[in-house]
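Visitor: One structure, pasted below without further comment.
The values are calculated or read from the model by the stated rules, or taken from the named source; none is laboratory data. Computed from a predicted model, the values in this text were never measured in an experiment. Neighbour counts are summed over all protein chains in view; Cβ atoms, including those assigned to glycine, are modelled from backbone coordinates with ideal geometry. Just the protein is used for accessible areas: all its heavy atoms, side chains included, with ligands, DNA and RNA removed. Shrake-Rupley method; radii C 1.70, N 1.55, O 1.52, S 1.80 Å.
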Amino acid sequence: MPSSPQISVSQDIQKATLSSWLLCILAALFYAYDFVLRISPSVMIHPLMQRFNVSASAIGLLSAFYYYSYTPLQLPSGVIIDKWPLRWVLSGSALCCAIGSFLFASTNILFIAYLSRAMMGLGSAFAFVGALKLAALNLPKRHFALFSGVATTFGTLGAVATDMFLSRSVETLGWQKSIYISGFIGLGLAILLAL
């Protein structure tokens, strides 16, 4: 005898527990953090030019190093997320972003800054795909599209926050302290994702 629609809806609701949603929201926050790292050089162009004694075009290249690792990893990130435990992939990639941030804030060597931006891109490559995989595993199928929209919104909010708050932080604290703070945020995300 087929189950009634009320029973399947009840099971659906039970599956979508608060902890499942919180776990997926945490992954969406990592995606928002990805956007903060992605566009952070745009709010600190002049301080970076002074720090590394370079032109604006070199800062454009510095910003682009994020994408040099991020873009090619979009396809392999899905394969890696399917093959390895998601907890360790996401926490490891958040840790990679944090280490890249700390390295970026502490160096005055342009090559090291390029490398640190590439590390940020490497870690960030797993954020969105990982969030979607978590949603597929933990939320009912009928909530997948909703969560995809939520995750995308979080990413956009990360970009808005960078423009609004990081630019103010750069003005008041300086760009290095601001990047150190973003590194500690990444470290916190890595710990939470591991737990």
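Visitor: Applying a 10 Å radius around every beta-carbon, put 90-102, 64-76 in order of their mean neighbour count, most first. Write out the running numbers ahead of the final one.
Guide: Details: 90-102: 23.7, 64-76: 15.8.
The packing order, highest mean first, is 90-102, 64-76.
Visitor: Can you list which of the DSSP-assigned H helices in the chain have a Cα extent of 27 Å or more along the long axis and an average Kyte-Doolittle score of at least -1.0? Working shown, then result.
Guide: On the way: long enough: 18-39 (32 Å, 1.65); 86-106 (30 Å, 1.45); 175-194 (28 Å, 1.36).
Flagged H segments are 18-39, 86-106, 175-194.
Visitor: Now a separate question. Tell me, what is the Rg over Rh of region 62-169, with Rh the Kirkwood radius over Cα pairs?
Guide: 1.02
Visitor: Express the carbon and sulfur contribution to the solvent-accessible surface of the chain as a percent, rounded to the nearest whole number, probe 1.4 angstrom.
Guide: 71 percent
Visitor: Right, another one. Just to confirm, what accessible area per residue do you get for region 34-135 at 1.4 Å probe, in whole Å²?
Guide: 44 Å²
Visitor: Roughly how large, in nm² to one decimal, is the mean projection of the convex hull of the alpha-carbon atoms in region 117-195? Walk me through the numbers on the way to the answer.
Guide: Values: hull surface 23.7 nm².
Approximately 5.9 nm², given one-decimal rounding.
Visitor: Could you let me know the centre-to-centre spacing of region 157-195 and region 16-39, using Cα atoms, in angstrom?
Guide: 15 Å
Visitor: Same structure again: Hey, can you rank 82-89, 138-145 by average C-beta count inside 10 Å, highest first?
Guide: 138-145, 82-89
Visitor: 222 nm [θ] for the chain, helices only, -39500 (n - 2.57) per DSSP H run of 4+, per residue, to 500?
Guide: -26500 deg cm²/dmol
Visitor: If you wrap a convex hull around the alpha carbons of the chain, what volume per residue comes out, as a whole number of Å³?
Guide: 117 Å³
Visitor: About its Cα centre, what dipole magnitude does the chain give when the only charges are +1 on Lys and Arg Cβ and -1 on Asp and Glu Cβ, stated in debye to the nearest 20?
Guide: Dipole magnitude for the chain comes out near 160 debye.
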